[in-house]
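See structure below.
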Ligand SMILES: Cc1cc2nc3c(=O)[nH]c(=O)nc-3n(C[C@H](O)[C@H](O)[C@H](O)COP(=O)(O)OP(=O)(O)OC[C@H]3O[C@@H](n4cnc5c(N)ncnc54)[C@H](O)[C@@H]3O)c2cc1C
């Protein structure tokens with residue numbers, strides 16, 4: 001829609017083929033129905049949040065940055081507001097208002113929106129775009145074509161990865177694709193007991209596993225909560241929530257951006273620091289103080305000031321301290337083990353959750369085969385790309401839609 005509005009603004013006759021019965025189905029569900037349409041940062045700030053190929057985006061984002069996006073929508077009469085972390089939303093909190101704006105502008109610019117119109121292939125002749133073929137067999141010939149079919153996450157919205165197929169058939173390389181900004185499954189069974197527990201103010205560390213996961217009872221039992229000596233691949237402070245087979249929530253979604261390609265090569269662990277404000281020594285001192293205050297209690301009844309109820313049983317088991325032991329009998333070594341466990345509660349990553357739950361797709365049409373300033377294919381002239389169909393993705397915060405706006409703008413402007 002952004003590419004169509006831009007090209008139509010330059011005097012072109014534009015047709016948008018949309019296979020759904022209405023446009024913007026994915027936009028509708030963005031930002032939990034509120035549409036976090038961009039982030040109020042400059043181009044440099046925006047590119048710092050781009051995970052794949054930020055350099056490729058430099059030209060498009062400098063040409064149409066977040067503030068241009070805000071001016072564009074405000075110019076169409078959409079009032080905006082900026083929330084925590086620079087996230088920009090419509091004042092109305094309704095993603096449908098963003099879609100209405102785009103639809104209105106397409107009508108004003110006389111863009112023909114063909115709904116229930118599925119493209120089944122994109123054809124080229126002598127290295128130049130020729131036509132798109134529709135499902136009913138019709139061919140639409142045009143001077144140029146922008147492939148803006150999105151990724152393959154939440155396929156019910158219409159983004160089913162068709163563009164990868166079109167691009168590959170025209171000779172483009174499509175890189176491996178992974179679900180991203182998505183929850184993670186872990187191997188530890190005890191995670192089931194934690195389902196629904198939300199932890200705030202924790203630190204999450206993603207690392208390579210030092211040793212592979214061994215299920216309890218299967219050969220050597222690894223030191224489950226020993227701190228990995230490997231360097232962090234990623235770490236973040238914030239909030240997470242446990243699910244029936246893993247975890248999700250903001251810090252986990254960010255970590256998921258790194259997991260797909262890495263997990264294909266090596267085992268990974270997620271280690272949680274439940275008490276990031278305290279060093280291990282300070283935490284040990286705090287536990288000692290707690291235990292002193294309740295010296296006649298059993299260990300199993302002495303953790304309530306330290307941990308949420310749902311975690312207590314799990315921590316008691318993992319610490320391997322006798323639950324009925326009176327806390328004044330807990331040894332220094334045992335106490336240190338507990339402190340170390342609270343600083344390094346370790347989970348082995350089983351897999352990412354599926355595409356159907358992923359906010360975005362990592363991977364896509366290889367960007368070295370696309371001209372960064374125009375989004376034109378280097379292999380097929382007059383063929384352009386915009387948005388998530390390319391090997392571009394970013395963290396949450398409005399950056400993924402900004403990638404779509406900036407690249408669509410560049411493509412729309414480049415069409416002669
Ligand atoms: C739950 C969820 C929440 C999100 N929230 C945010 C957010 O708040 N902020 C943010 O920045 N990003 C968010 N994203 C990511 C963002 O929605 C996408 O990155 C963005 O929509 C990509 O835009 P696009 O135009 O490239 O593709 P899409 O928005 O996926 O649009 C592609 C369109 O092409 C159509 N299409 C596909 N194939 C064909 C075909 N063969 N023929 C005809 N039509 C076809 C589809 O029906 C679809 O309408 C969210 C994603 C999800 C799933």
State whether the residues of segment 46-53 include one that is assigned by TED's automatic domain parsing to the domain that holds residue 371, without any contact (Cβ under 8 Å) to a residue 24 or more places away in the chain and out of contact with any helix residue (DSSP H, G or I) (no Cβ under 8 Å at 6 or more places or on another chain). no
With the structure loaded, tell me whether residue 244 is in a helix (DSSP H, G or I) and modelled with pLDDT of 95 or more or whether it fails that test. no
Residue under question is residue 158, and the condition is that it be within 13 Å of the ligand (Cβ to nearest atom), buried (at least 22 other Cβ atoms within 10 Å of the Cβ) and outside the structural domain of residue 306 (by TED's automatic domain parsing); does it hold? no
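Yes/no per residue for (1) modelled with pLDDT of 95 or more; (2) in contact with a strand residue (DSSP E or B) (Cβ under 7 Å, 6 or more places away or on another chain):
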| site | (1), (2) |
| --- | --- |
| 302 | no, no |
| 311 | yes, no |
| 328 | no, no |
| 336 | no, no |
| 343 | yes, yes |
Condition broken by residue 129, with the remaining ones in (1) more than 9 Å from the ligand (Cβ to nearest atom); (2) closer than 30 Å to residue 66 by Cα; (3) crowded, with 20+ Cβ neighbours inside 10 Å satisfied: (2)
Say whether the condition of being within 12 Å of the ligand (Cβ to nearest atom) and not in a helix (DSSP H, G or I) is met by at least one residue in segment 66-79. no
May I ask you to verify whether residue 24 is assigned by TED's automatic domain parsing to the domain that holds residue 394, within 10 Å of the ligand (Cβ to nearest atom) and under 21 Å from residue 85 (Cα atoms)? no
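The values are calculated or read from the model by the stated rules, or taken from the named source; none is laboratory data. This is a predicted model, so every value here is computed, not measured. So basically every Cβ, Gly included, is an ideal-geometry build from the backbone, and we count neighbours across all protein chains shown.
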